[in-house]
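Structure record follows, encoded as structure tokens.
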Amino acid sequence: MIYNIDFETLPREAITAIQLKRLKATLENVYATVPFYKDMFRKARLTPHDIRSLDDLQKIPFTTKQDLRDNYPYGMFAVPMANVVRIHASSGTTGSPTVVGYTARDINTWAELMARALSAGGAHRGDIIHNAYGYGLFTGGLGVHYGAEKLGASVIPVSGGNTKRQIVIMKDFGPTILTATPSYSLHLAEVAKDMGISFKDLKFKFGIFGAEPWSESMRDELEETLNITAVDIYGLSEVMGPGVAIECHEAKNGLHIFEDHFIPEIINPETGEVLPYGETGELVFTSITKEAFPIIRYRTRDITSLHPEPCICGRTHIRMKRVSGRSDDMLIIRGVNVFPSQIESVLMKTDKIEPHYQLVVDRVDNLDTLTVKVEVSESLFSDEIKLLQTLEAKLSSDIKEYLGVSAKVKLVEPKSIARSEGKAVRVIDNRKI
Amino acid sequence: MKVIQISIFLENTGGRIAEATSILADAGINIRAMSLADTTDFGVLRLIVSDVDKAEKALKDQGFAVGKTNVVAVQVEDKPGGLNRILQVLAKAEINVEYIYAFLRDSDQAIMIFRFDNTDNALKILQENKIKVFKGEDIYAM
Ligand SMILES: [Zn+2]
């Protein structure tokens, strides 16, 4: 079912006409209200009036995660705090996380787009949605929640964790739609199996999976194990949250981006040059309807490509391929964004440590595990085992505290971490995704 | 009256102990006492050697993390209750023992290596109680 048939099936010319109109209004607005954007225009010797076509968007510089950090917490907001009804923050960052805000109208827009996304993923009014995305500063849980209510589905706000209780709820409440990270969903299936419950006996029909990268082979596994149709959902808090793009369950071939609210571009991450449709590069977003936190040419660091061809589902909005990687070294571990540099700064806080470390990511029983190997330096070393064990435990709890992700810290011998041209190999990702 | 102990960090790979001891053998260094403390993840090999500086250099050159610690070599009467008497003296004086291991030596007298958290206090108590403590030079040469 197409939730908003008028907007989701617009002819391409109508989409671009709406985009240009909304883009101009957004640029006028940020130029007047957000000093960062005014500066950006001034440095590029531009004013909003210089943007007369969608192609002119390329003249505007990019906005990066660092720009958002530099304006922590509210510097990028385009409305007074009195008009902000919700605040979210990005997961797993040290120092300054990125903070985003929503007006009442933004929340309504987000709910509408999530309702569209849930519909595209197979949900209808009357469905029961088991929402196992985390509720809190993370946008996943509440994003799905508001969309489910807007759609008229019944939402079970179960959030993450307490897996056994979740299985009991699935069995007793009879949910028909699962919304969760793909890895946690497979974990649910395993725990259910241990409890003697098969997903084949549950009522699930569709699963809407996101917040971490996954693959076609994982789709096969999810569909087989959970006895559902699995679709991919995409979003990031800086742009809105979940519901920026969604795969339709009819085609399961790329995610429709809601182009009446966002303008996507693909760029060469090295040169910043905009690439034609079909070519693979870094995804960049401009929001064209947001009030509290408009974002102009935001570099997502996600690698994908854009495809404007018509889709069998009837939607005319452009499709992006499943995200295949990152143009930086960010890892997503159990839905938490982790940069090696953040681990490095935690290690540096324990002043004795020379930062010779390596992150090893694995997927054990469908859950991501992070091991941080730290080379034992001269100054760090002790002849007493308990001091070394205390050090491991302290580093592990520091990482948990600052990054919000559980990690096992393992001390290793000096020079034992593989180096490539003298530089330690920082990340080994053994996950088969 | 202190003895310098060398300790090295080992990831739990059985072969690494043999590598460390052969590095010392190649450098012409004798091992007087040795003890391995380990966990499931890693181990610490503690050594009393004939030439501390040379051993430290040889091991560092081969990439080991090397530490030096003051320990105390104590004579233990070679009869039942010999060690227990010393431990009681220390306990009474509230001296904390981090760990103990045996000195390898074929003779009629037993020697134990003690690691204290406060070595100077421990030495004072041992001497007050007429318990024999060896000099470093004597131990390295034994
Ligand atoms: Zn479609």
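Each value in this text was obtained by applying a stated rule to the coordinates, not by laboratory testing. Just so we're clear, the structure is a prediction, and the values are computed from it rather than from any experiment. For neighbour counting, all protein chains shown are included, and Cβ atoms are generated from backbone atoms with ideal geometry for every residue, glycine included.
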Practice task
Based on alpha-carbon positions alone, could you give the equivalent ellipsoid semi-axes of the stretch A:331-432 from the gyration tensor, as √(5λ), descending, whole Å?
Solution key: 22, 16, 13
Fill in the blank from the handout: Cβ density ranking, 10 Å radius, fewest first, applied to A:ARG326, A:ARG419 yields A:ARG419, A:ARG326
Fill in the blank from the handout: Computed over the stretch B:70-141, the Cα gyration tensor eigenvalues, each multiplied by 5 and square-rooted, give semi-axes in Å (largest first) of 18, 15, 11
Practice task
Report the far tail of the P(r) of chain B, meaning the percent of Cα-Cα pairs longer than 22 Å.
Solution key: 41
Completion exercise
Taking 0.36 nm per residue of separation between A:ASP429 and A:GLU250 and subtracting their Cα-Cα distance, the length gained on full extension comes to 61.2 nm
Exercise for the section: Evaluate E = 1/(1 + (r/R0)^6) for B:ALA110 and A:ARG42, where r is the Cβ-Cβ distance and R0 equals 51 Å; express this FRET efficiency to the nearest 0.05. Expected result: 0.05
Problem - Point-to-point label distance, A:GLU223-A:ALA393, nm (Cα→Cβ direction, 7 Å offset) - result: 4.8
Exercise for the section: Note down the nm distance, to one decimal, between modelled labels 7 Å out along Cα→Cβ at B:ASN129 and at A:ALA82. Expected result: 7.8
Practice task
Compute from the Cα atoms of the stretch A:199-243 the Rg and the Dmax, the latter being the longest Cα-Cα distance, and quote both in angstrom.
Solution key: 12.1, 39
Completion exercise
Applied in sequence order to the stretch A:201-207, the curve 6.51 cos²θ - 1.76 cosθ + 1.60 (Karplus, θ = phi - 60°) yields integer Hz couplings, x standing for Gly and Pro, of 8, 8, 9, 4, 10, 10, x
Problem - Modelled FRET efficiency - R0 35 Å, A:TYR277 with A:ARG125, Cβ distances, 0.05 increments - result: 0.50
Exercise for the section: Please work out the Kirkwood hydrodynamic radius for the protein assembly as shown, using every pair of different C-alpha atoms, and report it in angstroms with one decimal place. Expected result: 27.8
Handout entry: CD proxy at 222 nm, helix term only [per DSSP H run n ≥ 4: -39500 (n - 2.57); per residue of chain B; nearest 500]
Key = -10500 deg cm²/dmol
Exercise for the section: Restricting attention to chain A, give the cysteines that have no other cysteine Cβ less than 4.7 angstrom from their Cβ. Expected result: A:CYS311
Problem - Mean residue ellipticity (222 nm) of chain A, computed from DSSP H runs ≥ 4 via -39,500 (n - 2.57), nearest 500 - result: -9500 deg cm²/dmol
Exercise for the section: Jot down the radius of gyration and Dmax of the stretch A:1-159, Cα atoms only, both in angstrom. Expected result: 18.2, 53
Fill in the blank from the handout: Going fewest to most other Cβ atoms within 10 Å around each Cβ, A:TRP110, A:TRP214 line up as A:TRP214, A:TRP110
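Kindly provide the GluC sites (Glu not before Pro) of the stretch A:199-301 that DSSP labels as loop, not H, G, I, E or B, and whose Cβ sees at most 12 other Cβ atoms within 10 Å. Before the final figure, lay out each step's value.
Working: sites: A:GLU216, A:GLU221, A:GLU223, A:GLU224, A:GLU238, A:GLU247, A:GLU250, A:GLU259, A:GLU265, A:GLU270, A:GLU273, A:GLU279, A:GLU282, A:GLU291; in loops: A:GLU238, A:GLU250, A:GLU259, A:GLU270, A:GLU273, A:GLU279, A:GLU291.
For GluC sites (Glu not before Pro) across the stretch A:199-301 that sit outside H, G, I, E and B with at most 12 neighbouring Cβ atoms in 10 Å, the list reads A:GLU270, A:GLU273, A:GLU279.
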Practice task
State, as an integer percentage, the relative contact order of chain A based on alpha-carbon contacts under 8 Å between residues 6 or more apart.
Solution key: 14
Problem - A:ILE417 long-range amide H proximity, modeled H, under 5 Å - result: none
Exercise for the section: Please give the average number of partner chain Cβ atoms lying within 10 Å of the Cβ of each residue in B:56-63, rounded to a whole number. Expected result: 1
